[in-house]
Amino acid sequence: MKIDRIETFLVPPRWLFCRIETDSGIVGWGEPIVEGRAEVVRTAVETLAEYLLGADPLRIADHWQVMSKGGFYRGGPVLSSAVAGLDQALWDIAGKSAGLPVSSLLGGAVRDRVRVYSWVGGDSPHELEDAVAERLQLGFTAVKMNATDKMSPIATVAELNAVVGRAEHVRNLLGPERDFAIDFHGRVNVPNAIALVRALEAVRPMFVEEPLPPELNVALPRVIDSTSIPIALGERLFSRSEFLPVLQSGVAVVQPDLSHAGGISEVTRIVALSETFGALFAPHSPLGPISLAASLQVSFSTPSFLIQEQSVGIHYHDSTEFFDVVADPTPFDFIDGYATLSTEVGLGIKVDEAAVRAADRTGHSWRNPIWRGKDGAFIEW
């Protein structure tokens, strides 16, 4: 079996899909994307495709090595995301060729259900109340909210109280038997992160996500040591070598993204490394259905799994809905807040190819917002 053709598709609202076709007719799908840089990743995929064309798709480990390390300069979000999507598609082909789900190729499922959570916003109490009520009605037992809007370099008492007030509001809505996580989104600096995690301890979030932007992870031990709240991060880390120092700092939950951190191949290695530090696995997945399908395959087969992010109904999906590009939404039927183990082969989903090609004709040029503070200076989004 040889790789005959590799295509990419810009799919609204902000996704990039890749399709690998073999001479035997088996097709694999992947989702290589850096949000806001889809066109750049598309070019990287096309460059890597030069190597893959004509190759045996089942030599996944060798292809990963060559794509990731075959150039003298390596790493970074664009390259690792391009590799990630192609790697997903190769695993999809391997599963379809073997007549097995990818989770079986990874050693088999260790659970029958995967707990999932849903995003609920967080910028206003009214927005939170409506969103949480909707998620509870759908059966979810866990949600995630943004912690902050724009903050001063040293947060005012009013800013701190606003964050705590929103978190208290969600805790009251959920009660003690359900969970919520709080995403700092790398928006705050070291003193604000320490002040916030201390102030939030009484509401007992499941974890605080990305308390610092990755370039400040040298200060991560100060944040971790200042609180009993589990600290989670990893959506902007792309390799085992980048995860090692944060694991050594004591991070409790790792969140590699299957579309950023080298795909299924590298994420399984990141998880194996994190297990030696006692860290739990909660894959980052605010993207499209192929990325989520790949995440679920790893989640079902990972003993240290905690909870799965998913983006059905997230605010980014303002044009193409999550299910518009899949032929069968059944794998994403979340019952009582859980995804159920499927026996479907490969990544476990059927992509609606006609819908994907139609979406690509529209395309997109999604960019993340640029935030500025009260003085006009750039601040983290």
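The values are calculated or read from the model by the stated rules, or taken from the named source; none is laboratory data. Not measured: the values here are computed from a predicted model. So basically every Cβ, Gly included, is an ideal-geometry build from the backbone, and we count neighbours across all protein chains shown. Just so you know, the surface numbers come from the protein's heavy atoms only, side chains and all, with ligands and any DNA or RNA stripped out. Shrake-Rupley method; radii C 1.70, N 1.55, O 1.52, S 1.80 Å.
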*Residues of region 143-168 classified as of a type outside the set (Lys, Arg) and either under 21 Å from ALA282 (Cβ atoms) or open to solvent by 50 Å² or more (accessible area, probe 1.4 Å) (or both), total*: 14
*So, in region 184-201, of the ones that are touching a residue at least 60 places away in the same chain (Cβ under 8 Å) and out of contact with any helix residue (DSSP H, G or I) (no Cβ under 9 Å at 6 or more places or on another chain), which residue ends up surrounded by the fewest Cβ atoms within 10 Å (Cβ to Cβ)?*
HIS185
*Selected residue (only one of LYS69, LYS96 is surrounded by fewer than 16 Cβ atoms within 10 Å (Cβ to Cβ) and charged (D, E, K, R))*: LYS69
*asked:* Given the options SER239, SER226, SER249, name the one that is among the small types (Gly, Ala, Ser) and more than 19 Å from PHE281 (Cβ to Cβ).
replied: SER226
*Looking only at helices (runs of 4 or more DSSP H) that fall completely inside region 1-108, which ones have 2 or more residues that are closer than 19 Å to GLU344 by Cβ and aliphatic (A, V, I, L, M)?*
77-98, 102-105
*Any idea which of PRO205, PRO221, PRO245, PRO211 is closer than 29 Å to GLY165 by Cα, part of a helix (DSSP H, G or I) and of a type outside the set (Lys, Arg)?*
PRO221
_Tell me yes or no: at least one residue of region 294-307 is assigned to a loop (DSSP other than H, G, I, E, B), of a type outside the set (Lys, Arg), within 24 Å of GLY139 (Cα to Cα) and at pLDDT below 95._
no
*Which number in (1) buried (at least 18 other Cβ atoms within 10 Å of the Cβ); (2) of a type in the set (A, V, I, L, M, F, W, C); (3) more than 22 Å from the chain's Cα centre (by Cα) marks the one condition that VAL83 misses?*
(3)
